[in-house]
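A.B. asks: One structure is given below, represented as structure tokens, and several questions about it will come after.
Every number in this text was worked out from the coordinates using simple rules, so none of it is lab data. Given the structure is predicted, the values throughout are model-derived calculations rather than measurements. Cβ atoms come from the backbone with ideal geometry, glycine included; neighbour counts cover every protein chain shown.
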Amino acid sequence: MKIIAYICVIFSIDIFKHKRDMQHSVKNIGDNYEKLSIMRKDKHPFKANDFFQFANDNRKKYSIIENGNDLLVSTWYSNSLINDYQSTIQNFK
């Protein structure tokens, strides 16, 4: 029984490690959300360039790293980044 518990702990640590290390392209996120916004004909459209600038301006808050001409955000912060950006376009446009 102890062996099974040990394997479960090792497996869960391994999953946590991989989730923490997953990085997503800010440009890809912006492009995908902009296309979706256009298809839905949103009243406050999602703009990929503005999203990229918002991410760049808030790099420290979301632990964003630079990757060439793109930015990478971890899985842990990507939803917060998207939601925070969306709240700015809904409040100011």
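A.B. asks: Apply the Karplus parameterisation 6.51 cos²θ - 1.76 cosθ + 1.60, with θ equal to phi minus 60°, to every residue of segment 45-58 and state each ³J(HN,Hα) to the nearest whole Hz, in sequence, with x for glycine and proline.
C.D. replies: x, 7, 10, 4, 5, 5, 5, 4, 5, 4, 5, 5, 5, 10
A.B. asks: Along each of the three principal axes of the Cα atoms of segment 23-92, give the extent in whole Å, ordering the values from largest to smallest.
C.D. replies: Result, largest extent first: 31, 21, 19 Å.
A.B. asks: Taking the Cα-to-Cβ direction at Thr75 and at Asp57 and moving 7 Å from each Cα, how far apart do the two end points lie in nm?
C.D. replies: Taking the two extended label points, one gets 3.0 nm.
A.B. asks: Here's another thing I want to ask about it. With θ set to phi - 60°, apply the Karplus curve 6.51 cos²θ - 1.76 cosθ + 1.60 along segment 28-43 and write out the HN-Hα couplings as whole Hz, x wherever there is a Gly or Pro.
C.D. replies: Karplus-based 3J(HN,Hα) across segment 28-43 equals 5, 4, x, 4, 5, 5, 5, 4, 5, 5, 5, 4, 7, 6, 4, 5 Hz.
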